[in-house]
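What follows is a set of notes on a single structure, which appears directly below.
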Amino acid sequence: MNAPSSSPDKPLDPRDRLIVALDVTDPAAARTLVNRLGDSVSFYKIGMELAYGGGLPFASELLKEGKKVFLDLKLHDIATTVSNAVAQVARLGVHFLTVHAYPQTLDAARRGAVGSPLKILGVSVLTSYDDADLAEAGYAYSVADLVARRALQAREAGVDGLVLSAAEAAAIRSQLGSDLILVTPGIRPRGTSAKDQKRVATPSLAIAAGADHLVVGRPITVAPDPKGAADQIVAEIEATLASMAPPPDKP
Ligand code: C5P
């Protein structure tokens with residue numbers, strides 16, 4: 001397993017903790033957004049809608065510009081297919097890739113990434129799902145219990161991290177320590193709308209709950225001033241980390 005990005009000997013830059021979701025349908029729109037955000041953002045997420053519209057060559061462009069890239073493809077298929085697909089993604093040189101957190105899929109993804117620096121994140125339960133949605137889909141678990149089960153399975157499979165909501169992050173952090181990189185979408189700064197997300201939290205709550213990276217889409221991408229919105233979130237992350245730092249040793 002790769003070292004978690006939050007290892008105590010190598011603290012993450014607060015700016016690298018913010019991952020902006022480029023949820024647009026074509027690379028030209030993504031380029032406009034990236035240019036507007038400039039140095040304020042170092043880490044981007046390319047999801048299915050952009051990936052299927054020319055987003056993979058765009059990921060390579062971002063990498064050449066020194067940005068970090070998270071490919072959120074949420075893979076889930078038979079093991080051979082997942083393993084081979086992950087090996088192809090690893091060749092792109094991106095930093096994070098998601099697969100759904102089913103034991104066979106996690107194990108296949110880890111095998112596909114062997115020998116590359118690609119980090120595999122298991123998607124525990126989508127942040128647009130609540131307990132009623134899980135029951136409707138046929139699960140006999142609450143969100144909290146299913147996330148906890150999938151966190152253990154992700155660690156067992158030897159993948160690098162887990163995507164979960166801030167509501168579950170504190171419990172998983174105390175259960176697993178720093179064994180997994182925790183990535184939380186469903187981030188809503190104070191005063192922004194939840195839209196289709198059900199398990200939402202402010203940047204400060206997510207960091208306090210132990211998240212390593214926050215995925216933020218619409219609160220930045222559709223803001224009147226995306227760069228200002230990103231800077232404000234990074235400032236909130238920094239302030240929260242500072243308030244959590246242990247007090248200096250007494251003489
Ligand atoms: O616009 P918003 O901030 O809601 O975007 C959240 C992003 O995080 C979207 O790109 C979505 O696909 C992604 N995501 C999520 N829940 C997960 C995994 C990924 O919302 N469990």
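The values are calculated or read from the model by the stated rules, or taken from the named source; none is laboratory data. Remember, it's a predicted structure, so these values are computed and weren't measured experimentally. Cβ: placed from backbone, ideal geometry, glycine included. Neighbour counts: every protein chain shown. To get the accessible areas, we keep the full protein, side chains included, count just its heavy atoms, and leave off ligands, DNA and RNA. Shrake-Rupley method; radii C 1.70, N 1.55, O 1.52, S 1.80 Å.
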Name the residues whose placed amide hydrogens come within less than 5 Å of the amide hydrogen of Lys119, ignoring near sequence neighbours (fewer than 5 apart) on the same chain. Phe96, Leu97
Compare Ala206, Ala28, Ala113 in a GNM of the chain, Cα atoms joined below 10 Å, and give the one with the largest fluctuation. Ala28
Heavy atoms of Asp23: accessible area, 1.4 Å probe, square angstrom to 10: 80
Sort out for me the Cα centre separation of the stretch 14-77 from the stretch 111-141, rounded to whole Å. 21
Excluding ligands, DNA and RNA, what is the solvent-accessible area per residue of the chain at a probe of 1.4 Å, expressed in Å²? 46
Tell me what the chain gives for mean residue ellipticity at 222 nm when only DSSP H runs of n ≥ 4 count, each as -39,500 (n - 2.57), the sum divided by the residue total, rounded to 500 deg cm²/dmol. -13000 deg cm²/dmol
Order by accessible surface, 1.4 Å probe, largest leading, for residues Arg155, Arg15, Arg150, Arg91 comes to Arg91, Arg155, Arg15, Arg150
Point-charge dipole on Cβ atoms (K/R +1, D/E -1) for the chain, about Cα centre, debye to 20: 300
Using a 1.4 angstrom probe on heavy atoms only, work out the carbon and sulfur share of the accessible area of the stretch 14-243 in %. 53
How much FRET efficiency would the formula 1/(1 + (r/R0)^6) give for Lys195 and Ala171, where r is the Cβ-Cβ distance and R0 is 41 Å, rounded to 0.05? 0.95
For the stretch 46-78 the GluC sites (Glu not before Pro) that pass both the DSSP coil test and the at-most-14 other-Cβ-within-10 Å test are Glu65
Please name which of Leu146, Ile78, Val125 has its Cα lying farthest along the dipole of the chain towards the positive end, using unit charges on Cβ (Lys, Arg +1; Asp, Glu -1) and the Cα centre as origin. Ile78
Residue (of Pro103, Ala209, Pro248) at the positive-pole extreme of the chain, dipole from beta-carbon charges: Pro248
Per residue convex hull volume, Cα only, the chain, in Å³ is 136
